1. Based on this model, can you work out whether residue 204 counts as part of a helix (DSSP H, G or I), hydrophobic (A, V, I, L, M, F, W, C) and closer than 29 Å to residue 65 by Cβ?
2. Considering only region 47-60, I want to know if a residue exists there that is surrounded by 15 or more Cβ atoms within 10 Å (Cβ to Cβ), out of contact with any strand residue (DSSP E or B) (no Cβ under 9 Å at 6 or more places or on another chain) and more than 16 Å from residue 213 (Cα to Cα).
3. Would you pick out the residues in region 204-220 that are of a type in the set (Ser, Thr, Tyr) and either crowded, with 17+ Cβ neighbours inside 10 Å or over 15 Å from residue 73 (Cα atoms) (or both)?
4. Scan 55, 150, 47 and give me the residue that is in a helix (DSSP H, G or I) and over 17 Å from residue 217 (Cβ atoms).
5. May I ask you to say which residue of 187, 182, 174, 129 is within 29 Å of the chain's Cα centre (by Cα) and either at pLDDT 85 or above or farther than 30 Å from residue 224 by Cβ (or both)?
6. Kindly indicate whether residue 79 is part of a helix (DSSP H, G or I), closer than 29 Å to residue 197 by Cα and at pLDDT 85 or above.
7. Would you check which residues across region 153-201 are over 18 Å from residue 99 (Cβ atoms) and either among the hydroxyl-bearing types (Ser, Thr, Tyr) or outside any helix (DSSP H, G or I) (or both) and list them?
8. Among the residues of region 38-65, write down those that are polar (S, T, N, Q) and modelled with pLDDT of 80 or more.
Amino acid sequence: MTNLFSVFDPSTSMFNLSINWLSTMIAMIMMPMMFWLIPTRMTVLWNLITKTLHNEFKTLLGTTGMNGSTLIFISAFSLILFNNFMGLFPYIFTSSSHLAFTLTLSLPLWISFMIYGWINHTQHMFAHLVPQGTPPVLMPFMVCIETISNLIRPGTLAVRLAANMIAGHLLMTLLGGTGSSLSYYILTLLIITQIALLTLESAVSIIQSYVFAVLSTLYSSEVN
């Protein structure tokens, strides 16, 4: 028996090079469409989305946030959203279901926030370790808890995204594998279920990319 998770392994290769991750780069080919002189409906829609996200993230960052800092989180949102949607197409490798992709996004962001915070706002970062109103007896424990919760942030960001992508795809793979041995009546139900799951996965793709971007914004707002 093959491993249940083998469907997520990078297996497609050409000249001994894994070409699964190529789907991540397709966004670069589609980018020039955004620079048309006459705006298309897609450009207008995307500008509306980015403007809404900019206003949302600007509110979260507050007045202390630097100008243009929302662009980092909008870019992260766009990249994750594109890769999540690419994974919904048959025979296309879902790069966002791998920790190699998600950790590459979350770790540099978190490390840069920490370096910036501890160098420029050291006292503020120490103050964050003890929440306001904590009794003196509990202070050592709160420092430990806050330190651990701070250290696992990049891991939770990465695992949340990867696990959500894997869960839906795995369920669809398991249900789809039983199709050949079912009767017509149950097969009809299975197809309806698969369509419903696909719709749910589309929603999850948007939600997870938004959650990743919002949490990254909140973590950055804490270091100012």
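1. Spelling it out, residue 204 is indeed part of a helix (DSSP H, G or I), hydrophobic (A, V, I, L, M, F, W, C) and closer than 29 Å to residue 65 by Cβ.
2. No, every residue in region 47-60 fails to be surrounded by 15 or more Cβ atoms within 10 Å (Cβ to Cβ), out of contact with any strand residue (DSSP E or B) (no Cβ under 9 Å at 6 or more places or on another chain) and more than 16 Å from residue 213 (Cα to Cα).
3. Result: 205, 209, 216, 217, 219, 220.
4. 47
5. Only one candidate passes the filter, namely 174.
6. Yes, satisfied.
7. 173, 178, 180, 181, 182, 183, 184, 185, 188, 193, 199
8. Scanning region 38-65 gives 43, 47, 50, 52, 55, 59.
The values are calculated or read from the model by the stated rules, or taken from the named source; none is laboratory data. Please read these numbers as outputs of a predicted model, since none were measured by experiment. Note: ideal-geometry Cβ built from the backbone for every residue, glycine included; neighbour counts use all protein chains shown.
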